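This report refers to the structure that appears directly beneath it.
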């Protein structure tokens, strides 16, 4: 027996020394962890048990039975019973079911144990443990301790069975069961003398437990961290090699499930205002693509709150709606992490274990969150990439369309950059100046003759800045082009683009027309001059002496000749105005209306229309081409007289309106229908209004007036009422 | 007074001639430029009326220039061709004193003829005024103008213009006053006359017509003659 007990002591000492060293490392690693703390208490009590046993036996050997053995025996008893309680506490903390009440319960148990000890001491009752004459320890009065044992070890055993999935290390489970088994050996018949075996088993189990905790708390996290880093690196690498969102998602669900050791995984993405199930891995995917409103189901809740949800038992813990059919029947543990990109949730990543499979721990949740973050970045990037690709395609497409248009048009189009180097020239432009495609980048001045550029470049640039475009006539070879230049690029101008229209033929036509007008006027005016001179001579010769008929004839001829003169003059005036050159001088507006009225007074008299004029006193001077402006007003007066019935009245006025001078010509004539107000200013347009068919004219009058007014930076408007009269306004800025 | 009419249109030529005859003028009629030029040498008229567009080689402008090479005789252009002011200015630049566009009423025509003759006959201006700064010297009474010592030939209108400006030297003469005093009341609306004649005058008396020292433009108002006290030599 001596040998056995010595051997046991050695074994016990060594194992407990090991266990102690594990505890020291654990405490040093993280003393604040509850598991570590409970383990420390547990180890302390086991040590107390063993130390008690060791001291009792040693003292017995040295001094024999007596009072000195009493204290070690109490230590033994306290350690033995306390370790049961501590085991229960440790188990509870390992399966993570401790709570505030649980701590109170634990404290109460220790107090009861202590008071029980005091009671039996006071009552003088025999100690539970005794030491035999042969020096072997045995449990004499078993009932109270058995109660403690059954209560706490039983509870620990229950916890182990109930939450067996929460302890993933088998060695730890084995250690815990072994310890419980070891303690039970102590309750066997004292005659069997098995208490020492119980102590040895307890010590060995403690060593196993400490090794298990050591592995769980230190080794496994370290190893897992390494494999996680590896795994995440792999996931990132494989995501990086994919561009399409769908393949990234498929990769992600598979990798997530495999890395975490889940049975299935799924990804939901936010689309419009709901979630859509995008990809699943080893899950029923008949609902692929279906919509899930935000806030519903685990994924919906995760997206809404932005927080991870971890469930150990889906059916029991999840009270919300279900995104998967039969989820309650099949799902065990679930973790769902939000996919967050740029602060906004874009979806959720979910991993699922089946009902009897493992549970997920914090490390798994962390890993899933890590993957989710990576996934969010990858999805966002791939979406951007997809958007970019589509945009590029659209740009390419519109570029092609534009190029086709430019290539197929007959009008030359040339684009240059800010340094006046050629960017683009369509075939029409290239053939125009003999450019080849390789000319791109050469200075435009080397490609085109000076006659192709605006005379005043400074003015051209100013116009383009102000109006974004500038039009001028460019001469290339023997042809004339109307060149429309516009800025290229907004808001910063990167160059210019010019579109050329061949107007050679138009110019030629215009020249011919001007030539014809000149010829016509010359050819018409000479006979007119001859006729008028002869009428004047005739007038001198026979007007006084002739009969009424003769006089009337002479007057008629004279009037008709004057009318003809007016028509020719109208055509020529318009031709002159096209040049737009004004002989500007300062002039009081009153002079213009007075001489215009003077010129027309005879015509008014003939038509039996009274004519009147009125000029305000405060009129400013105006800068104008006196002849032209007077002609414009004469035209208005002539028109007014023509369309005013006999006995009517025409009034010409000049008034001041702020800095403007407003000329007005008012008649009591037939009026102009509103729909004609715009058209009457057109060249050769003649009102086809009833009641005025008898009025003759070239139809040039008002277009001439408008041209004059426009040349003077003025405005012309009119008010008219059928049957009542018309009033024309000309506004000219004052000086 | 003898008036020569050069016009290829017989009807016009004859009608105008008849009117002038009736009003007491001697009239010479020519049907083209060449004939006009020949007659000018023979007849020495007091006034020439020229059509511009004429067939057979020589047009009115050429005739006008050729006459100006040898005489100050007032010339009145009568054209159907004028469309823009530039056409009129071309005519005046060729040396014409007047430019009338067809058709013109006979009364106005005669009034212009008379005004023109009146202007040219104003040779003996009453004032004894002289101007001499060493570079430009003007003798209004004897109608002599010297520039840098050389005698300069001025047409009657040019001389009248210079005289009016000189009489008002230092003061601005506005367009209308200029028109009225140089050309006559009936010309009051022919605003381009002064402009053309001023530039002709500058070409003849200014050292640098583009930067005049004597005849200065008061923009949109009129012109001013500025006497040069030291002569312009000192400015060279």
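The values are calculated or read from the model by the stated rules, or taken from the named source; none is laboratory data. From a predicted model like this one, the values you see are computed outputs, not experimental measurements. Heads up, the Cβs are rebuilt from the backbone with ideal geometry, glycines too, and the neighbour counts pull from every protein chain shown.
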Matching entry among B:139, B:189 (being free of Cβ contacts under 8 Å to residues at least 12 places away in the same chain, more than 16 Å from the chain's Cα centre (by Cα), in the same structural domain as residue B:210 (by TED's automatic domain parsing) and within 25 Å of residue B:102 (Cα to Cα))
B:189
Residue hits (segment B:157-172; surrounded by 20 or more Cβ atoms within 10 Å (Cβ to Cβ) and closer than 12 Å to residue B:140 by Cα) are B:159, B:160, B:161, B:162, B:163, B:165
How many of the residues in segment A:533-565 are part of a helix (DSSP H, G or I), more than 13 Å from residue B:106 (Cβ to Cβ) and more than 8 Å from chain B (Cβ to nearest Cβ)?
16
Can you find a residue in segment B:33-45 that is within 14 Å of chain A (Cβ to nearest Cβ), outside any loop (DSSP other than H, G, I, E, B) and either in contact with a strand residue (DSSP E or B) (Cβ under 8 Å, 6 or more places away or on another chain) or free of Cβ contacts under 8 Å to residues at least 24 places away in the same chain (or both)?
no
What is the residue count in segment A:481-494 for residues that are on the phi < 0 side of the Ramachandran plot and surrounded by fewer than 18 Cβ atoms within 10 Å (Cβ to Cβ)?
9
Count, please, the residues in segment A:495-527 that happen to be outside any strand (DSSP E or B) and more than 10 Å from every other protein chain (Cβ to nearest Cβ).
14
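Going by the structure shown, is residue A:470 assigned to a strand (DSSP E or B) and within 25 Å of residue A:507 (Cα to Cα)? Don't jump to the end; show me each part of the working.
Details: assigned to a strand (DSSP E or B): yes; within 25 Å of residue A:507 (Cα to Cα): yes.
Spelling it out, residue A:470 is indeed assigned to a strand (DSSP E or B) and within 25 Å of residue A:507 (Cα to Cα).
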Let me confirm something: among B:161, B:117, which residue is assigned to a helix (DSSP H, G or I), in contact with a helix residue (DSSP H, G or I) (Cβ under 9 Å, 6 or more places away or on another chain) and at pLDDT 80 or above?
B:161
Those residues of segment B:174-197 which are away from chain A (no Cβ under 14 Å) and in contact with a strand residue (DSSP E or B) (Cβ under 9 Å, 6 or more places away or on another chain) amount to B:181, B:183
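Please go through segment B:51-69 and pick out each residue that is closer than 20 Å to residue B:120 by Cβ and without any contact (Cβ under 8 Å) to a residue 40 or more places away in the chain. Spell out how you get there, then give the answer.
Taking segment B:51-69 as the starting set, the residues that turn out to be closer than 20 Å to residue B:120 by Cβ are B:60, B:63-69.
B:64, B:65, B:66, B:67, B:69 - these are the residues of segment B:51-69 that are closer than 20 Å to residue B:120 by Cβ and without any contact (Cβ under 8 Å) to a residue 40 or more places away in the chain.
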Suppose we filter B:76, B:29, B:100 for residues that are within 13 Å of another protein chain (Cβ to nearest Cβ), in a strand (DSSP E or B) and either surrounded by 23 or more Cβ atoms within 10 Å (Cβ to Cβ) or touching a residue at least 12 places away in the same chain (Cβ under 8 Å) (or both); which single one remains?
B:100
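Quick one: which of A:596, A:530 is facing chain B (nearest Cβ under 8 Å) and either surrounded by 14 or more Cβ atoms within 10 Å (Cβ to Cβ) or not in a helix (DSSP H, G or I) (or both)?
On the way: A:596 fails: facing chain B (nearest Cβ under 8 Å).
Matching residue, one of A:596, A:530: A:530.
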Please determine whether any residue of segment B:4-16 is under 15 Å from the mean Cα position of the chain (by Cα) and more than 14 Å from chain A (Cβ to nearest Cβ).
no
Here the residues within segment B:103-120 that are more than 8 Å from every other protein chain (Cβ to nearest Cβ) and free of Cβ contacts under 8 Å to residues at least 24 places away in the same chain are B:114
Please state which of the following conditions residue B:94 fails to meet, knowing it meets all the rest: (1) more than 9 Å from chain A (Cβ to nearest Cβ); (2) in contact with a strand residue (DSSP E or B) (Cβ under 9 Å, 6 or more places away or on another chain); (3) within 30 Å of residue A:558 (Cα to Cα).
(3)
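Conditions tested, residue by residue: (1) within 14 Å of chain A (Cβ to nearest Cβ); (2) out of contact with any strand residue (DSSP E or B) (no Cβ under 6 Å at 6 or more places or on another chain); (3) in a helix (DSSP H, G or I).
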site	(1), (2), (3)
B:56	no, yes, no
B:61	no, yes, yes
B:64	no, no, yes
B:67	no, yes, yes
Conditions: (1) surrounded by 17 or more Cβ atoms within 10 Å (Cβ to Cβ); (2) away from chain A (no Cβ under 14 Å); (3) in a helix (DSSP H, G or I). Residue B:89 meets all but one. Number of the miss?
(2)
Checking residue A:638 against (1) more than 27 Å from residue A:659 (Cα to Cα); (2) modelled with pLDDT of 85 or more; (3) out of contact with any helix residue (DSSP H, G or I) (no Cβ under 7 Å at 6 or more places or on another chain), only one condition comes out false. Which one?
(3)
Given the criteria closer than 21 Å to residue B:115 by Cα, at pLDDT 85 or above and touching a strand residue (DSSP E or B) at 6+ places or on another chain (Cβ under 9 Å), does residue B:48 qualify?
yes
In segment A:566-584, is there at least one residue being away from chain B (no Cβ under 13 Å) and either free of Cβ contacts under 8 Å to residues at least 12 places away in the same chain or touching a strand residue (DSSP E or B) at 6+ places or on another chain (Cβ under 7 Å) (or both)?
no
Mind listing just one residue for me: the one in segment A:641-665 that is in contact with a helix residue (DSSP H, G or I) (Cβ under 7 Å, 6 or more places away or on another chain) and touching a residue at least 60 places away in the same chain (Cβ under 8 Å) and, of those, nearest to the other protein chains (Cβ to nearest Cβ)?
A:661
Answer yes or no: is there a residue in segment A:603-611 that is more than 15 Å from residue A:635 (Cα to Cα), in contact with a strand residue (DSSP E or B) (Cβ under 9 Å, 6 or more places away or on another chain) and within 11 Å of chain B (Cβ to nearest Cβ).
no
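Residue-wise test of (1) touching a strand residue (DSSP E or B) at 6+ places or on another chain (Cβ under 8 Å); (2) assigned to a helix (DSSP H, G or I).
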{"site": "A:171", "(1), (2)": "no, yes"}
{"site": "A:177", "(1), (2)": "no, yes"}
{"site": "A:188", "(1), (2)": "no, no"}
{"site": "A:208", "(1), (2)": "no, yes"}
{"site": "A:226", "(1), (2)": "no, yes"}
{"site": "A:232", "(1), (2)": "no, yes"}
{"site": "A:236", "(1), (2)": "no, yes"}
{"site": "A:249", "(1), (2)": "yes, yes"}
{"site": "A:268", "(1), (2)": "yes, no"}
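Can you pull out the helices (runs of 4 or more DSSP H) entirely within segment A:287-390 that have at least 2 residues that are in contact with a helix residue (DSSP H, G or I) (Cβ under 7 Å, 6 or more places away or on another chain)? Spell out how you get there, then give the answer.
Values: elements: A:297-305, A:314-317, A:327-330.
Per the criteria, A:314-317, A:327-330.
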Name the pairs: first residue in segment B:158-181 and at positive phi and touching a residue at least 24 places away in the same chain (Cβ under 8 Å), second residue surrounded by fewer than 17 Cβ atoms within 10 Å (Cβ to Cβ) and outside any helix (DSSP H, G or I), Cβ to Cβ under 8 Å, at least 6 apart or on different chains?
B:170/B:226; B:170/B:227
